[in-house]
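> Take this structure first; my questions come after.
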Amino acid sequence: MAIISAQGVEKTFRQPKRQSGLAGAIRSLFSRDYTEVRAVNGISFTIQPGEAVGYLGPNGAGKSTMIKMMTGILVPTAGTLSVLGREPHSNRITNAAEIGVVFGQRSQLWWDLPVRDSFDLNRHIYDIPTPRFAENLTRLTTMLDMGGYIDRPVRQLSLGQRMRAEIAMALLHDPKILFLDEPTIGLDVVAKDVVRKFLAEVNRERGTTIILTTHDLVDIEEICPRLIMVDDGKLLFDGELKHLRSALGSRRRLKLEFGTDPGPITLKTAHLVTDEGAAKHFLLDSEQTSILDVLTELGSGHDLKDVKLEEPDIEEVIRTFYKNKVQAGVAP
Amino acid sequence: MARLHVVIPALVHTFIRSKTEYPGAMVLGWLSQFAAYGSMYTAISLILARFGSLGGWVWPEIALLLSFHLLAYSLGASLSFVQFREMEEKVRIGTMDAILVKPVSTWTYIVFSGLNIGYAGHIVLALGLMAWSLTQVDVTWTGQSSLLFVCYLISAAMIIAAVMTMIGATALVWVKSNHLYQIFFGFWELARYPLNIFPLPLQLLMLTFAPLAFMAYVPVAATLGKPVPLLGDYASAAALLAGPLVTLIAMAHWRWCLRNYQGAGG
């Protein structure tokens, strides 16, 4: 049974229309027009227990809105949403006891107190039995290497240390689902690496379902086998990361290096994009085309020295996708 | 669901620990509030000493009114004012979201994670002035009248906490609502004085839409047996019911705002 199910979920915000200039601002005091912004537009998906899912999209795509609906903060305008078998907004408190939430840009720790005090408060709020709390605290402190600063006030911690503490706090009560909204934002390379490895381990070892929104594709590559990609509130892609390239029509690049320039080459299976004489760059026409297909078509009459197949990296795939959208006249 | 008898003390304990990180600022806050209210009350007493009475109320009666006003306000506001004044900021920067994902009532979390011990100075001054004024006014105290007086005080404190809750809750929908506190404190100032000195429309307003006459004047007048405009013999019952009634309205408003919370975007 799915741990999360979204069927045609929509969220519409009513926003005042801004009028330009001082006169417009004064006019808007007396008569205000509103516009409806559909932040989430008919999104459907299901997530099984133990999955790690990356929720990806540009700014304003509706990622945070979807997370807020799944955690019960916002009420969907339409559609049905079920988390752990319940409607999150109408069972917000019950739901909250079984989920953990980390906001990358909003701390849940008490700023002036040592990290341990925030953890201890959560022990009472989540009604965590003392032995389980002690065990989880020891395990998380060790895994996230927090021993050196757990008794220091939060205000004295670096961003990376704080984020590790936020994640540990969200896991103290053994939530069934961990929601993370941009958990690596602003972290340095080392801190990001620690957080990613830890989350992947929590998902793998403890079976905690992870839903993660991010701008950083490396987060998804290292933590989430499955990717849900949204834009303008709509679902663009839902599947395994490895299938994203073909789904978005991105093609692999093949470089053929010859001992001497073989002259112009035309192939049915690949499209020539750059000709440097002895080095020629092709785009493969389909995901099914293999190097063998190309080499078979090329034949043996050339002085072929080297063959190199380049998979477009995921960041490039998505960048190209959004660039094409802008060129087509649709703002991403 | 979280057990409130465990969660509330834990929240208060954590909040007090965070405040005692800056003990100097905390003590200075108490002293400054004590001095500010003390000097204001001294000024009022001096004016009364010059003119004898205000709307038929002499200084010990006014002192009881002022101390009741301050004590009811302190009790109600310690549960609400700073917490709900910060609501606008919580919504704007998104920390409200972090509260909404806790398995505890949002109102309980907000109120007790910010229980304002800064009102200690107010309470000490109010209790001192009240203790003196009660020995000076002409009231025959019985068990029933004492209990009634305490109930009046609780009802008045409920009005304060309820109105503050409503203003704070409005920020969940409007994002900005702190300007409403300025309106509140305008009526709050007026509530320090006998209602009968004000024109009829203002009296009517302070007994209905801005019911702050019930936070001090109506209960104290009922205690002293003074006539209350518009309410007459119903003053005592109205003073008792006003708090629970405004609280019910505030609860409905709070729930509606929470359900219509949109965040501030992002």
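The values are calculated or read from the model by the stated rules, or taken from the named source; none is laboratory data. It should be emphasised that the depicted structure is a prediction, and the values quoted were computed from it without experimental measurement. No Cβ is skipped: glycine too gets one built from the backbone with ideal geometry, and neighbour counts run over all protein chains shown. To get the accessible areas, we keep the full protein, side chains included, count just its heavy atoms, and leave off ligands, DNA and RNA. Shrake-Rupley method; radii C 1.70, N 1.55, O 1.52, S 1.80 Å.
> Go through A:LYS268/A:LYS323; B:LYS19/B:LYS176; A:LYS192/A:LYS323; A:LYS242/A:LYS308; A:LYS68/B:LYS176; A:LYS176/B:LYS19 and tell me which ones have a Cα-Cα distance over 30 Å in this structure.
From the list (A:LYS268/A:LYS323; B:LYS19/B:LYS176; A:LYS192/A:LYS323; A:LYS242/A:LYS308; A:LYS68/B:LYS176; A:LYS176/B:LYS19), the Cα-Cα distance tops 30 Å for A:LYS176/B:LYS19.
> Apply the Karplus parameterisation 6.51 cos²θ - 1.76 cosθ + 1.60, with θ equal to phi minus 60°, to every residue of region A:282-294 and state each ³J(HN,Hα) to the nearest whole Hz, in sequence, with x for glycine and proline.
10, 10, 6, 6, 8, 5, 7, 5, 9, 4, 4, 4, 5
> FRET efficiency for B:HIS179 and A:THR130, Cβ-Cβ distance as r, R0 = 45 Å, nearest 0.05?
Approximately 0.45, to the nearest 0.05.
> Considering only protein heavy atoms, what is the solvent-accessible area of A:GLU257 at a probe of 1.4 Å, reported in Å² to the nearest 10?
In the full protein context, A:GLU257 sits at about 70 Å².
> Distance from the Cα centre of region B:34-62 to that of region B:209-234, in angstrom?
19
> Along the Cα-to-C-beta direction of A:ARG86, a point sits 7 Å from the Cα; which residues of region A:1-41 have their amide N less than 19 Å from that point?
Hits in region A:1-41 for A:ARG86 at 19 Å: A:1-7.
> After finding the eigenvalues of the alpha carbon gyration tensor for the protein assembly as shown, what semi-axes result from the square roots of 5 times each, listed largest first in whole Å?
64, 26, 20
> Let me ask you something else. Tell me what chain B gives for mean residue ellipticity at 222 nm when only DSSP H runs of n ≥ 4 count, each as -39,500 (n - 2.57), the sum divided by the residue total, rounded to 500 deg cm²/dmol.
-23500 deg cm²/dmol
> For A:MET146, list long-range residues whose amide hydrogen, built 1.01 Å from N in the peptide plane, is under 5 Å from its own amide hydrogen.
none
> If you average the sequence gap of Cα pairs under 8 Å that are 6 or more apart and divide by the length of chain A, what percent do you get for the contact order?
18
> How big is the shadow of the Cα convex hull of chain A, averaged over all directions, in nm²?
The number I arrive at for chain A is 23.9 nm².
> Would you mind putting B:244-252, A:128-136, A:16-24 in packing order, based on average other-beta-carbon counts within 10 Å, highest first?
B:244-252, A:128-136, A:16-24
> Here's another thing I want to ask about it. If you take each beta carbon of peptide B:11-22 and count the beta carbons of other chains within 10 angstrom, what is the mean?
3
> Volume per residue, Å³, of the convex hull around the alpha-carbon atoms of region B:4-259?
Value for region B:4-259: 135 Å³ per residue.
> Run the helix sum for chain A: -39,500 (n - 2.57) per DSSP H stretch of 4+ residues, divided by residue count, reported at 222 nm to the nearest 500 deg cm²/dmol.
The helix contribution divided over chain A gives -9500 deg cm²/dmol.
> Further question on the same structure: For peptide A:54-66, what's the mean number of Cβ atoms from other chains within 10 Å of each residue's Cβ?
The shielding value for this peptide is 1.
> Over the protein assembly as shown, give the accessible area per residue in Å² for a 1.4 Å probe, as an integer.
Dividing the accessible area of the protein assembly as shown by its residue count gives 46 Å².
> Sequence-distant or interchain residues sharing an amide H contact under 5 Å with A:THR77, placed H: which?
Amide H neighbours of A:THR77, under 5 Å, 5+ apart: A:GLU10, A:LYS11, A:THR12.
> Count, for each residue of B:93-100, the Cβ atoms from other chains sitting within 10 Å of its Cβ, then give me the mean as a whole number.
Across B:93-100, the average partner-chain Cβ count within 10 Å equals 6.
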